[in-house]
Amino acid sequence: MPADFEDFFYTAQDGLRLHARLYGRELTALPVVCLPGLTRNARDFHELALILSRQTATPRPVIAFDYRGRGESAWANDAKTYDAVTEAGDILAGLAALGVAHAAFIGTSRGGLILHVLAAMRPTVLKAVILNDIGPRIEAGGLAQIKTYLSAMPTPANWAEAVAATKSINAATFPALGDKDWERLTQAIFREKDGHLAAEFDPASSMRSRRWT
């Protein structure tokens, strides 16, 4: 069986090393580009990417991006670059490096905001758009909820603690999730580094969550 995905690294305009996951790269149908939430990463889309690239009537290549300071992408030297305009430019740089002129896009939360920026910067790149968990306005209550979530982000000693903490923070919002769902969600947030678990995002990127554009 082929590997589930390829790691793809490219360089942003300011020289930062950025990362994306490529699923079904050999396929020729219109690609799907997945953009995660504020502190999330490409791993959020793993199961969906497998379905889109293997199990649909028209299998499609899928590109799941890690923003700067998240996932496998390098952390920015200048925290001011953690803004939607810069991140939209990073996505365009990645698509250019891959030779992708247009695609269908799925944007969750922060990803949806970046799609609004892309619509202004390069509308021809957007052949189809799905917006998830984002609307035309960002209410103060929503920002307060994000701040509360980030302030409660734990430093777990092991995976069991990480899963329990993730569930305790999010269970009220996602009551339908089961034990396996919580495990997958936790594994998409944390990674083992130097013998301990850490969330895979630069804290400076989350501190700028109120500057969405």
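Odds and ends about this structure:
- Ordering of 165-178, 40-53, 7-20 by packing is 40-53, 7-20, 165-178, highest average first (other Cβ atoms within 10 Å, averaged per residue).
- Under 14 Å, Cβ to Cβ, from L16 - net charge with Lys/Arg +1 and Asp/Glu -1: -4
- From helices alone, the chain scores -10000 deg cm²/dmol at 222 nm; the rule is -39500 (n - 2.57) for each run of n ≥ 4 DSSP H residues, then divide by the residue total.
- A Gaussian network model of the chain, with springs between Cα atoms under 10 Å, assigns the largest mean-square fluctuation among G111, G69, G135 to G135.
- Structure remark: mean-square fluctuation, Gaussian network model of the chain, C-alpha springs under 10 Å; the largest value among V129, V117, V100 belongs to V100.
- Lys pairs, the chain - Cα-Cα below 22 angstrom, 8 or more residues apart or on other chains: 4
- Note that the range 61-76 has calculated 3J(HN,Hα) couplings of x, 10, 10, 10, 8, 9, 5, 4, x, 10, x, 8, 7, 5, 6, 6 Hz, one per residue in order, obtained from phi through the Karplus relation 6.51 cos²θ - 1.76 cosθ + 1.60 (θ = phi - 60°); glycine and proline are x.
- Positive minus negative residues near N41 (Lys, Arg vs Asp, Glu; Cβ under 12 Å): +2
- Sum of side-chain charges, A101 neighbourhood, beta-carbon under 11 Å (Lys, Arg +1; Asp, Glu -1): +2
- Treating each Cα of the chain as one equal point scatterer and applying the Debye formula with no solvent, the log10 of I(q)/I(0) at q = 0.16, 0.18 Å⁻¹ comes out as -1.15, -1.44.
- Put simply, the amide H of I130, placed in the peptide plane, has neighbours under 5 Å in F105, I106, G107, leaving out anything fewer than 5 places away on its chain.
Read the figures in this text as sums done on the coordinates, not as results from a lab. Source: prediction; values computed, not measured. Reconstructed Cβ throughout: ideal geometry from the backbone, glycine too, with neighbour counts over all protein chains shown.
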